[in-house]
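The values are calculated or read from the model by the stated rules, or taken from the named source; none is laboratory data. As the structure is a prediction and not an experimental result, all values here were calculated from the model. Glycine gets a Cβ as well: all are built from the backbone with ideal geometry, and neighbour counts include every protein chain shown.
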Amino acid sequence: MSRPINRLERLLIALVLFTLVWLPLPLGSNRDWAVGVLVALIGGLGGLWAISRVRGSEPIIPAKAMNAALPMLALLLLSQLWVAAQWLFGFTVDNGATFQYLSLGVAYSLLFLLIISLFNTRKRLTLLLATLVISGTLQAFWGALMTLSGVEWLLAGPKTSYIGVATGTFVNRNHLAGYLELTLACGIGLLMALRDGRPFSWVNLLELLLGPKARLRLALVVMVIALVMTHSRMGNAAFFASLLIVGGLFVLLDKAHRLRNSIILVSLILIDV
């Protein structure tokens, strides 16, 4: 009985990761048909997840993960209740649009619940962050390539606005900037989590530049360059401010690896500037 459940859970993990990569592709899922696909996909994942939990003996959500996620989940559900009240009691001037946003909000809340439930080990969290970093890097590469080459295409059609700036598969440059801020945060966190316990030395400089984590550093560089190429003032300002404040605090508090963390922080700031 446990093997089918394990296979179903592995399938769920793969489908959730696919969903996260899919979300920004169809113009940021900002079209009616893309919203329908998204809601149906997450609804199907929710059904499979419910089946796996009913058939298994594990708790629906691990207690430790639930305690940390409960405040955010409660806020998400309260927001959907407010939208539902507007739709049910006629407080809105556009019932169709309100219902669409209600469906989208419930879908995102369910996706949040799925992620909290499924990605509850260090290995799975590393896989989740790596997937988001890969997605962000692909968005950054596509946006930069389209801008530098002058082709100026989205995923399946030519751009009609924001010509000359990177937008990735999004229509709006600010949307790409916001997405890159999220994936950059995931990448920086993953880089910090994967660091070894050895003290920094110049002997290890070659390994620092060419070792297994070099690809992750390169991905961060690509995403920062694409973020600058969006010409999004608030996107760049938000990333720079958050990086400076949180990164500075991290360098000050983590005395054991202060030099190494300082080099990473300064390099990212220089690229953004």
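A65: part of a helix (DSSP H, G or I), out of contact with any strand residue (DSSP E or B) (no Cβ under 8 Å at 6 or more places or on another chain), modelled with pLDDT under 90 and within 18 Å of A14 (Cβ to Cβ), yes or no? Break it down into steps so the answer makes sense when it comes.
Working: part of a helix (DSSP H, G or I): yes; out of contact with any strand residue (DSSP E or B) (no Cβ under 8 Å at 6 or more places or on another chain): yes; modelled with pLDDT under 90: yes; within 18 Å of A14 (Cβ to Cβ): no.
Against the criterion (part of a helix (DSSP H, G or I), out of contact with any strand residue (DSSP E or B) (no Cβ under 8 Å at 6 or more places or on another chain), modelled with pLDDT under 90 and within 18 Å of A14 (Cβ to Cβ)), A65 does not qualify.
Any residue in region 149-172 that's within 17 Å of L25 (Cα to Cα) and assigned by TED's automatic domain parsing to the domain that holds N236: show its pairings with residues that are assigned to a loop (DSSP other than H, G, I, E, B) and among the acidic types (D, E) at Cβ separation under 6 Å, as long as the two are six or more apart or on different chains.
Listed pairs, sorted by first residue: K159/E152.
Pull out all pairs, ordered by first then second residue, where Cβ-Cβ is under 8 Å, the residues are six or more apart or on different chains, the first lies in region 75-101 and is assigned by TED's automatic domain parsing to the domain that holds D32 and surrounded by fewer than 17 Cβ atoms within 10 Å (Cβ to Cβ), and the second is aromatic (F, W, Y) and in a helix (DSSP H, G or I).
Hits for this filter: N95/W87; F99/W87.
For region 227-245, give me each residue that is farther than 13 Å from L184 by Cα and not charged (D, E, K, R).
Of region 227-245, the ones farther than 13 Å from L184 by Cα are 229-234, 237, 241, 244-245.
Once the filter is applied, which keeps residues that are farther than 13 Å from L184 by Cα and not charged (D, E, K, R), region 227-245 yields M229, T230, H231, S232, M234, A237, A241, L244, I245.
Determine which single condition G168 fails, assuming it passes every other condition in (1) more than 26 Å from V251 (Cβ to Cβ); (2) out of contact with any Phe, Trp or Tyr (no Cβ under 7 Å at 6 or more places or on another chain); (3) small (G, A, S).
In the conditions (1) more than 26 Å from V251 (Cβ to Cβ); (2) out of contact with any Phe, Trp or Tyr (no Cβ under 7 Å at 6 or more places or on another chain); (3) small (G, A, S), G168 misses (2) alone.
Give the residues of region 15-33 that are without any contact (Cβ under 8 Å) to a residue 60 or more places away in the chain, more than 15 Å from L111 (Cα to Cα) and assigned to a helix (DSSP H, G or I), sorted by residue number. Lay out the reasoning, then the answer.
First, pick out the residues of region 15-33 that are without any contact (Cβ under 8 Å) to a residue 60 or more places away in the chain: 15, 18, 22-23, 29, 31, 33.
Then drop every residue that is not more than 15 Å from L111 (Cα to Cα), which leaves 31, 33.
The one that is without any contact (Cβ under 8 Å) to a residue 60 or more places away in the chain, more than 15 Å from L111 (Cα to Cα) and assigned to a helix (DSSP H, G or I): W33.
Would you point out which residue out of N6, N30 is surrounded by fewer than 16 Cβ atoms within 10 Å (Cβ to Cβ), at pLDDT below 90, touching a Phe, Trp or Tyr at 6+ places or on another chain (Cβ under 9 Å) and of a type outside the set (A, V, I, L, M, F, W, C)?
On the way: N6 fails: touching a Phe, Trp or Tyr at 6+ places or on another chain (Cβ under 9 Å).
Going through N6, N30 in turn, the sole match is N30.
Could you check region 212-245 and list, in sequence order, the residues that are without any contact (Cβ under 8 Å) to a residue 24 or more places away in the chain and assigned to a helix (DSSP H, G or I)? Walk me through it before giving the result.
Looking only at region 212-245, we keep the residues that are without any contact (Cβ under 8 Å) to a residue 24 or more places away in the chain, and these are 212-215, 218, 233, 237, 241, 245.
Once the filter is applied, which keeps residues that are without any contact (Cβ under 8 Å) to a residue 24 or more places away in the chain and assigned to a helix (DSSP H, G or I), region 212-245 yields A214, R215, L218, R233, A237, A241, I245.
Out of the residues in region 234-264 that are under 24 Å from the mean Cα position of the chain (by Cα) and modelled with pLDDT under 75, state the one that is surrounded by the fewest Cβ atoms within 10 Å (Cβ to Cβ).
I264
State which residue is modelled with the lowest pLDDT when the search covers only region 144-175 and only residues that are polar (S, T, N, Q) and part of a loop (DSSP other than H, G, I, E, B). It would help to see each step written out before you state the result.
Residues of region 144-175 that are polar (S, T, N, Q), as a first pass: 147, 149, 160-161, 167, 169, 172, 174.
Now drop any that are not part of a loop (DSSP other than H, G, I, E, B), which leaves 160-161, 167, 169, 172.
Working: T160: 82, S161: 85, T167: 92, T169: 92, N172: 91.
Out of the qualifying residues, it is T160.
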